[in-house]
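Student: Below are the structure tokens for one structure; questions will follow.
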Amino acid sequence: LAEHAAALEAARATTDSVRMPRSSFDPASPKTIGRMVSLALIAQPMIPLEALDKVYGSGVYAIYYCGPHDLYKEISGTETPIYVGKADPSDGDADTPRAQGTRLTGRLIEHAETIREVEAYAGKQGNSPTQTLRLADFTCRRLVCATNAQLAAEKTLIRMFWPIWNSDTKACWGMSKHGDSAGTRKNKRSPWDVAHPGREWALDNRLDDSIPPTEIAIRIAKVLERAPPRKDHAALLE
């Protein structure tokens, strides 16, 4: 049916004396909103993840890695984020940053605390720098936006960058988990916690690894092959 519809459209186009426009702009389209907000986000300056000032607002963010960890050498220091996400407002009808609450900053601080916890554990284990996450090696971009615009923007950012830590890539997801009960039979240790142990609840011996470390490395390599890191900021904006 799709092939027939395309053939009919092609036939109509050849017989119509008026051509269709090469492009059209619908500012109300979710795709357009997602692209506009994403563009505004990646135009923001990078700031250290460990030194966030608290501001009002919900919106979208991107986290970048610039350290020596073996798994992330290809994206280290590039314009490709290791993770992108959104923070929904406290009030679904909020029309000002103050009404949205401090959700965006709070979300980033939560991620920073997760990395700090993993870093502390690695220090106790005496892990090498190439096997350790350090909070000092992370930066981020954040953008407060109108309520609900963050929904479309997050999807656009994931499609644009295919970030390794987002669950959509099926490579090293799980950083955003808040704790799985080891007593629940279906729960397993997320790939992120397998690659970066340290969260107390994820260290429970009753949890099995969802996938082995070697498989995580293979999946990350496949993601980077599919979506090579962006290295030029000006080219990315263009």
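The values are calculated or read from the model by the stated rules, or taken from the named source; none is laboratory data. Everything quoted here is computed from the prediction, not taken from an experiment. With ideal geometry, Cβ positions are generated from the backbone for all residues, glycine too; neighbour counts draw on all protein chains shown. When the accessible area is computed, the model is the full protein with side chains, heavy atoms only, and any ligands, DNA or RNA have been set aside. Shrake-Rupley method; radii C 1.70, N 1.55, O 1.52, S 1.80 Å.
Student: Please list, ordered by chain and number, the residues whose modelled amide H lies under 5 Å from the amide H of Gly59; skip anything fewer than 5 residues away on the same chain.
Tutor: Ala87, Leu104, Cys145
Student: Normalising by the residue count of region 1-136, find the relative contact order in percent from Cα pairs under 8 Å and 6+ residues apart.
Tutor: In percent, rounded to a whole number, it is 22.
Student: Could you tell me which of Ala51, Ser17, Met36 has its Cα farthest along the dipole of region 2-85 towards the positive end, charges placed at Cβ (Lys, Arg +1; Asp, Glu -1), taken about the Cα centre?
Tutor: Positive-end residue among those listed: Ser17.
Student: Run the numbers on region 82-155 and let me know its relative contact order in percent, using alpha-carbon pairs under 8 Å that are six or more apart.
Tutor: About 40 percent, as a whole number.
Student: Solvent-accessible area of Trp162, probe 1.4 Å, all protein chains present, reported in Å² to the nearest ten, please.
Tutor: Near enough 50 Å² of accessible area.
Student: Please work out the Kirkwood hydrodynamic radius for the chain, using every pair of different C-alpha atoms, and report it in angstroms with one decimal place.
Tutor: This gives a value of 19.8 Å.
Student: For region 22-156, what does the alpha-carbon gyration tensor say about shape, rounded, prolate or oblate, given a ≥ b ≥ c as the root eigenvalues, a/c under 1.5 as rounded, and a/b over b/c as prolate?
Tutor: Judged from the Cα gyration tensor, region 22-156 comes out oblate (a/c at least 1.5, b/c at or above a/b).
Student: Let me ask another. ³J(HN,Hα) across region 56-72 via Karplus (A = 6.51, B = -1.76, C = 1.60, θ = phi - 60°), whole Hz, x for Gly/Pro?
Tutor: 3J(HN,Hα) across region 56-72, in whole Hz: 6, x, 10, x, 10, 8, 9, 10, 10, 10, 9, x, x, 4, 4, 5, 10.
Student: Turning to a different aspect of this structure: Taking a probe of 1.4 Å, how large is the accessible area per residue of the chain, in Å²?
Tutor: Using a 1.4 Å probe on heavy atoms only, each residue of the chain averages 57 Å².
Student: Another question about this same structure. Can you tell which of Gly106, Tyr83, Asn187 lies farthest toward the positive end of the dipole of region 66-195, using +1 and -1 charges on the Cβ of basic and acidic side chains (Lys, Arg; Asp, Glu)?
Tutor: Result: Asn187, furthest along the dipole toward the positive end.
Student: Give me the percent of Cα-Cα pairs in region 85-207 that sit more than 18 Å apart, rounded to a whole number.
Tutor: In whole percent, the share of Cα-Cα pairs in region 85-207 beyond 18 Å is 61.
Student: Could you let me know the centre-to-centre spacing of region 84-118 and region 1-79, using Cα atoms, in angstrom?
Tutor: If you average the Cα positions of each part, the centres end up 21 Å apart.
Student: What lysines does Lys73 reach when the alpha-carbon gap must be under 17 Å and sequence neighbours fewer than 8 apart in one chain are set aside?
Tutor: Cα-Cα hits under 17 Å: Lys222, Lys231.
Student: In degrees between 0 and 90, to the nearest 10, how far off the longest principal axis of the chain does helix 30-42 point, with axes built from Cα atoms?
Tutor: It works out to around 50 degrees.
Student: Quick check for me: using +1 on Lys/Arg Cβ and -1 on Asp/Glu Cβ, what's the dipole size of region 138-230 about its Cα centre, in debye to the nearest 20?
Tutor: 300
Student: Calculate how steeply helix 103-125 sits against the longest principal axis of the alpha-carbon atoms of the chain, using the helix alpha-carbon long axis, and give the answer as 0 to 90 degrees to the nearest 10.
Tutor: The answer is roughly 40 degrees.
Student: If you don't mind, another one. Based solely on its DSSP helices, what 222 nm [θ] is calculated for the chain when runs of n ≥ 4 H residues each add -39,500 (n - 2.57) and the sum is averaged over all residues, nearest 500 deg cm²/dmol?
Tutor: -11500 deg cm²/dmol, from helical runs alone.
Student: Using alpha carbons only, how many degrees (0 to 90, rounded to 10) separate the axis of helix 213-226 from the longest principal axis of the chain?
Tutor: 30
Student: Here is a follow-up. I'd like the carbon and sulfur percentage of the solvent accessible area for region 79-238, probe radius 1.4 Å, heavy atoms only, ligands and nucleic acids excluded.
Tutor: Reported share for carbon and sulfur atoms: 47 percent.
Student: Could you give the size of the charge dipole of the chain about its Cα centre, using +1 on the Cβ of each K and R and -1 on the Cβ of each D and E, expressed in debye and rounded to the nearest 20?
Tutor: Result for the chain is approximately 200 debye, rounded to the nearest 20.
Student: I would also like to ask the following. If r is the Cβ-Cβ distance from Gln44 to Thr15 and R0 is 45 Å, what FRET efficiency results, to the nearest 0.05?
Tutor: So, using R0 = 45 Å, E works out to roughly 0.40.
Student: If you wrap a convex hull around the C-alpha atoms of region 1-77 and split its volume per residue, what is the figure in Å³?
Tutor: Output value, Cα hull per residue: 213 Å³.
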